[in-house]
Amino acid sequence: MIPRLPFSACFVLAGLLALTSARGGSPPDYDKAIKPFLAEHCDRCHGEKKHKGELRLDTLSRDFSLGASAMHWADVMDRISSGQMPPDDEPQPKAEEAARIVEWLAARLKEGESARMAQWERVTFYKLTREEYANTLFDLLGVHYDATDPTGLPEDPNWQGFERIGAVLSLSPAHVEKYFAAAEGALAEALPVAAAKPLNLHWDALDLRGGSDRVKLKEQGLLDKVRVDVWPGSTFYGQPGSVRQLSVPVAGDYKVRVKLSGLKPLNGRAPHVCIYVVDIDRILLEQDVVTTEDQPITVEARVHLPAGNHPIRMTNEAPGPSNLPRAGRNGRDPFFSIKAGRPPWQTKLTDEEGKPILPFLIVDWVEWEGPVMDAAPTIAQREYLPKDKKDVSQARDIFKRFADLAFRRPVKPQELDRFENLVKSEMQSGETFEAALKTGLLAILCADDFFYLVEGSEKENLLRINDWELASRLSYFLWSTMPDAALRDAAASGTLHEPGVLKTQVARMLHDPRIARFTESFPRQWLQLYRVGMFPPDKKLYPTYDDYLQKSMIKETTAYFGEVL
């Protein structure tokens, strides 16, 4: 197998030409090129008698392929280049002389880096990251798999922030179990056996807040006029931090709708609605809401939810004072309008003119609906359902179409034989054709050719990747998913590696909406943006700093990177 090289490999390979001079001894011309300069300008402070900063240059290894010594030489180069060395009270070299030394050191450091990279062990396989796995499942089946859920795939290890280093992405028994469960769940959602009982749930103000006689309010004609006042930092119901349980019958896409008003103080923050699923650590809906009390709006989001019981937290995330029950509730009296006023002992939401003092929400109801089924069939239903449920011969054709995409190369006849035999074995055990077919698809998704990007050959020491492997490198680098039809066509024709074709494909990919995955993912890893918020500022010094601002800081960075790209 050949290693999965980074895209900077062309620069690395160029440096290999000078490896013999960079390994195992002094680089060429060291005594002539740099030793006199060090003796005149550096050895007095970093020599045998004196070594400031615990750095001694006369004994520092001249093997630039060694990481430790290379770091010290890089520091020396930087200090000479910036004018920090020699110090001002020492004789100064001419600019041309310093530039020559910096240039020489830069060349040796480059050669040393190439030597170190050439010594790395080969990475036989590159495993898909969680993000890439979920995107690939979606392109294959049309299913949104939640890989980052606590029940999803294990977190990807990273190296200096990067999650796409083949040598780091190991495979454990836990991964194998998770891959099987993920594939099984995705296929169950993509090719359901029976229609699920739909979820149609309506939580009105009394469902959210309670505390009143529903029958009496209905007799008085006031039931549909009850609303919920949500203070800054408060939930729609109960104490801060409270949750409501939502029972989701099957995994799929659901719609959540909220009818509400948002009152914003003059020169203050807008109220911010947020619906968060605690057990899967995911925000379903969040946005600022600014509208008058008598003109509520309905905000809606389409979200993907796994099956099961989920604790839901719905809050007004705008910063503000705590709303302990004695300060921010109407007791057992229903809330209808801010015009009705509040008891004297309660903190006021508005001034005497009815203008808001705090950013607060007024909620009418919350609705849940799903699973949402699009009018058009999903990719899986369109491509992988047999047209005749009694014709077993269709299985081979279905497996070929599916495995060609999943393996990102033409599937081999012997591989198809194995999947086809699996279907026959399942049917002999009493399974229906559809169930047996799904087992074959499951086997493809659990094959190492799916969750690994396999390159090269065990029997040959190949120095170049083929067009199918190049197509996968391109698509996972820029789109974090499998190659599309255009890339596959170019690979099948054997022309993708040609400079003109390659340039055209890359330009096309950069203008595709899927490039947003790269513009978000790369700066997040490169700049280690996951560290943002690790040490939040003091809330007393910065009272307006909140989670929404923190997310906006990250989004601003990735959006700027995308604009520059």
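The values are calculated or read from the model by the stated rules, or taken from the named source; none is laboratory data. Fair warning: this is a prediction, and the values are worked out from it, not measured in the lab. Positions of Cβ are backbone-derived with ideal geometry, glycine not excepted, and every protein chain shown enters the neighbour counts. Heavy atoms of the whole protein, side chains included, go into the accessibility calculation; ligands, DNA and RNA do not. Shrake-Rupley method; radii C 1.70, N 1.55, O 1.52, S 1.80 Å.
Odds and ends about this structure:
- Checked against the criterion of being hydroxyl-bearing (Ser, Thr, Tyr), free of Cβ contacts under 8 Å to residues at least 40 places away in the same chain and under 30 Å from ASP288 (Cα atoms), the candidates SER521, SER552, SER493 yield just one match: SER552.
- Among the candidates LEU222, LEU169, LEU208, the residue that is modelled with pLDDT under 85, more than 19 Å from ASP253 (Cβ to Cβ) and open to solvent by less than 20 Å² (accessible area, probe 1.4 Å) is uniquely LEU169.
- Of the criteria (1) more than 22 Å from GLY185 (Cα to Cα); (2) touching a Phe, Trp or Tyr at 6+ places or on another chain (Cβ under 8 Å); (3) not in a loop (DSSP other than H, G, I, E, B), which one ASP417 fails: (2)
- Residues located in the stretch 225-263, provided they are open to solvent by less than 20 Å² (accessible area, probe 1.4 Å) and either farther than 16 Å from ILE362 by Cβ or among the charged types (D, E, K, R) (or both): ASP229, LEU246, VAL248, GLY252, TYR254, VAL256
- Looking only at residues of the stretch 356-386 that are acidic (Asp, Glu) and in contact with a Pro (Cβ under 8 Å, 6 or more places away or on another chain), we find that the one that is most open to solvent (accessible area, probe 1.4 Å) is GLU369.
- ALA492 meets all of the listed conditions (1) in contact with a Phe, Trp or Tyr (Cβ under 9 Å, 6 or more places away or on another chain); (2) part of a helix (DSSP H, G or I); (3) within 21 Å of GLU132 (Cβ to Cβ) but one, namely (3).
- Matching entry among ALA471, ALA486 (being at pLDDT 95 or above, buried (at least 18 other Cβ atoms within 10 Å of the Cβ) and not in a loop (DSSP other than H, G, I, E, B)): ALA471
- Some residue of the stretch 506-516 being basic (Lys, Arg) and either within 23 Å of GLN287 (Cα to Cα) or open to solvent by less than 50 Å² (accessible area, probe 1.4 Å) (or both): no
- Residue-level check: of (1) in contact (Cβ under 8 Å) with a residue 24 or more places away in the chain; (2) within 30 Å of ARG282 (Cα to Cα); (3) not hydroxyl-bearing (Ser, Thr, Tyr), ALA134 misses just (1).
- Pick from the stretch 446-468, criterion part of a helix (DSSP H, G or I) and surrounded by fewer than 18 Cβ atoms within 10 Å (Cβ to Cβ), ranking: modelled with the lowest pLDDT: ASP448
- Residue check for GLY500: without any contact (Cβ under 8 Å) to a residue 12 or more places away in the chain and exposed (fewer than 15 other Cβ atoms within 10 Å of the Cβ): yes
- Selection of first residues in the stretch 537-548 that are under 17 Å from LEU358 (Cα atoms) and of second residues that are open to solvent by less than 100 Å² (accessible area, probe 1.4 Å) and of a type outside the set (Phe, Trp, Tyr), restricted to Cβ pairs under 7 Å at least 6 apart or on distinct chains, gives the following pairs, ordered by first then second residue: PRO543/PRO319; THR544/ARG269; THR544/PRO319; TYR545/PRO536; TYR545/PRO537; ASP546/GLU317; ASP546/PRO319.
- Within the set ALA134, ALA99, the sole residue that is over 21 Å from ALA181 (Cβ atoms) and out of contact with any His (no Cβ under 7 Å at 6 or more places or on another chain) turns out to be ALA99.
Listed here are the residues, each with its yes/no results for (1) aromatic (Phe, Trp, Tyr); (2) without any contact (Cβ under 8 Å) to a residue 60 or more places away in the chain; (3) surrounded by 13 or more Cβ atoms within 10 Å (Cβ to Cβ); (4) out of contact with any Cys (no Cβ under 7 Å at 6 or more places or on another chain).
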position	(1), (2), (3), (4)
LEU141	no, no, yes, yes
THR151	no, no, yes, yes
ALA174	no, yes, no, yes
ALA183	no, no, yes, no
ALA188	no, no, yes, yes
LEU191	no, no, yes, yes
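- Residue in the stretch 108-130 that is open to solvent by 30 Å² or more (accessible area, probe 1.4 Å) and among the polar types (S, T, N, Q) present: yes
- Selection status of ALA70, closer than 30 Å to PHE477 by Cβ, at pLDDT 85 or above and either within 38 Å of the chain's Cα centre (by Cα) or not in a loop (DSSP other than H, G, I, E, B) (or both): yes
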